[in-house]
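A short worksheet on the structure shown next.
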Amino acid sequence: MAVIDEDDDESLMAETAAGNRAAFDRLTRRHLRRSLALAHRVVGNASDAEEVVQDAFLQIWTHADRWRGDGTRFSTWLYRIVVNRSIDYRRRRSFQPLDDAVEVADPAIGADGLLAERQLGAAVDAAIAALPDRQRAALSLCYYQEMSCAEASEVLKVSVSAMESLLVRARRMVRTRLNSLIRQKDGDEK
């Protein structure tokens, strides 16, 4: 079997298809953190993201022989699987996760700046979570996974112009939602 310490993803995937568990472990370690971050952005909470990513890697292991490597990078193929699994997971889910429950502020925290930062982060997360699945996936791929528009368009199987359109609509919706929250907050303070 080949040396797997410094192999590229495509070589590791070829080894995985041949049944090399060490190559698969290397691929998993290399891409786990980013896959979890992507899934978390799409499904909305960490525990569901872990389930989605576990399912995605299981699919890769059991269907490694389907990997063709015909010009498509392994990471693009992996992110496509993670995005598709995440969207499917959100569609199947029929309950509200505990992560969506209203948090009670900790009375021990006295720093107004920290609280404002958390509120802004929660507002941004809520605005992103309210996006349609494909817009949320596009935003997650380009901003949080730092993929180019062309790479992200491959993952979502859309044209680059369609990806750009998804991003424009997603940013517009997030901006509109945040602006309405700011106006609402300003009205509450008066």
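The values are calculated or read from the model by the stated rules, or taken from the named source; none is laboratory data. Quick caveat, the model's predicted, so the values are computed rather than measured. Cβ placement follows ideal geometry from the backbone for every residue including glycine, while neighbour counts extend to all protein chains displayed. Just the protein is used for accessible areas: all its heavy atoms, side chains included, with ligands, DNA and RNA removed. Shrake-Rupley method; radii C 1.70, N 1.55, O 1.52, S 1.80 Å.
Observations on the structure shown:
- Residue under evaluation residue 48, criteria (1) touching a Lys or Arg at 6+ places or on another chain (Cβ under 9 Å); (2) of a type outside the set (A, V, I, L, M, F, W, C); (3) under 14 Å from residue 81 (Cβ atoms), criterion not met: (3)
- Within the range 35-90, tally of residues that are in a helix (DSSP H, G or I) and more than 19 Å from residue 132 (Cβ to Cβ): 26
- Every residue from the range 46-67 that is out of contact with any Phe, Trp or Tyr (no Cβ under 9 Å at 6 or more places or on another chain) and over 18 Å from residue 145 (Cβ atoms): 47, 54, 58, 59, 62, 63, 65, 66
- Residue pairs whose Cβ atoms lie under 7 Å apart, separated by 6 or more positions or on different chains, with the first residue in the range 151-176 and under 14 Å from residue 133 (Cβ atoms) and the second open to solvent by 40 Å² or more (accessible area, probe 1.4 Å) and part of a helix (DSSP H, G or I), are 155/80; 156/134; 166/134.
- Residues that are modelled with pLDDT under 85, open to solvent by less than 60 Å² (accessible area, probe 1.4 Å) and over 30 Å from residue 71 (Cα atoms) are absent from the range 153-175.
- Remark: residue 60 falls outside the filter, which requires a residue to be under 21 Å from residue 21 (Cβ atoms) and at pLDDT 90 or above.
- Taking the range 41-73 as the range and being open to solvent by 80 Å² or more (accessible area, probe 1.4 Å) and within 20 Å of the chain's Cα centre (by Cα) as the test, the residues that pass are 50, 51, 54, 58, 73.
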